[in-house]
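One structure below.
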Amino acid sequence: MARGPVGRKIARAARTGGSRTRRRQTPFGYYITLVIVVLLGLATVGFSRYQAHHPASAVPPTVHDHWHAAFAFDICGKLQPAPKPNPNASQVGINTLGQGIINIQPLAGQPDTGHDATLGRFVKDYPGMELSSSTLRYPGKKVWHDGDLCGAKPGQVQVKVWNSLASSTGHVVSDPAGLLLENGQLITIAFVPAGANIPKPPSAANLLKASAATSAPVTTSTTAPGARTSTTAHGRHAKHTSTTKP
């Protein structure tokens with residue numbers, strides 16, 4: 001029996017799987033899913049490449065270390081009060097919680113580990129503090145420049161370092177901002193005339209107390225702490241140089 005016009009239309013619709021209007025609908029869900037998958041893939045590749053080119057530092061301090069160093073400011077022979085705790089202490093890995101102690105506890109994703117753990121990094125992350133080889137600013141005070149007078153004598157920026165609590169002889173560093181921080185270190189940031197006596201930071205007495213709850217107790221020997229004091233090309237101090245000003 002021959003099909004009528006209606007029968008032929010029904011048969012044609014069955015063969016095409018539905019109406020032409022339905023077939024023309026764009027599968028937006030499919031394309032959105034495809035785009036998300038591609039973006040996630042690119043992000044994963046990018047992160048992997050970053051990790052490959054920026055591996056976590058194996059040179060201490062690492063994100064697993066927690067060190068302490070004592071510090072003080074000496075302006076024209078007068079020791080300044082210990083700076084107050086960092087207002088941004090929870091966001092930075094090298095900070096002070098007060099009492100003249102630098103807290104060195106690098107945070108993941110920040111340049112606070114290995115050779116990036118420097119006095120300059122600490123200063124940079126403390127609002128209002130400045131330090132270079134020729135300028136110094138105690139937080140909230142004026143900026144001192146080499147040549148400014150301390151009384152009748154011109155002063156100069158000097159940063160003196162003692163390797164441990166028991167060290168009797170410190171040394172003045174040539175690059176204050178580049179000073180590599182160490183566990184148990186004593187640091188006096190000074191602006192004084194050439195040849196002036198620079199004392200140890202009074203907060204040295206707080207070092208043992210500050211480190212009592214950490215896994216890295218400070219050393220009381222006259223040698224610098226552990227393998228981190230190596231001066232070989234592979235040590236933490238490979239790029240660290242110092243000099244003594246007259």
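Residues of region 67-104 that are among the hydrophobic types (A, V, I, L, M, F, W, C) and assigned to a strand (DSSP E or B): Trp67, Ala69, Ala70, Phe71, Ala72, Phe73, Ile75, Leu79, Ile94, Ile101, Ile102, Ile104. Pro27 satisfies every condition listed in (1) at pLDDT below 85; (2) in contact with a Lys or Arg (Cβ under 6 Å, 6 or more places away or on another chain) except (2). Taking (1) of a type in the set (A, V, I, L, M); (2) within 11 Å of the chain's Cα centre (by Cα); (3) at pLDDT 95 or above in turn, Ile104 satisfies each apart from (3). Within the bounds of region 157-167, is there any residue that is surrounded by fewer than 13 Cβ atoms within 10 Å (Cβ to Cβ) and either in the same structural domain as Pro199 (by TED's automatic domain parsing) or over 21 Å from the mean Cα position of the chain (by Cα) (or both)? The answer is yes; a qualifying residue exists. Go through region 113-151 residue by residue and tally those that are among the polar types (S, T, N, Q), without any contact (Cβ under 8 Å) to a residue 24 or more places away in the chain and surrounded by 15 or more Cβ atoms within 10 Å (Cβ to Cβ). Count: 1. Considering only residues in region 42-87 that are farther than 25 Å from Leu180 by Cβ and small (Gly, Ala, Ser), the one that is modelled with the lowest pLDDT turns out to be Ala52.
Just one residue in the set Val173, Val192 is over 19 Å from Lys124 (Cβ atoms) and buried (at least 17 other Cβ atoms within 10 Å of the Cβ); that residue is Val192. Each residue in region 112-128 was checked for being out of contact with any Gly (no Cβ under 9 Å at 6 or more places or on another chain) and either among the β-branched types (Val, Ile, Thr) or in a loop (DSSP other than H, G, I, E, B) (or both), and 3 of them qualify.
The values are calculated or read from the model by the stated rules, or taken from the named source; none is laboratory data. A quick note: this is a predicted structure, and the numbers were derived from the prediction, not measured. A quick note on method: Cβ atoms are made from the backbone with ideal geometry, for glycine too, and the neighbour counts reach across all protein chains shown.
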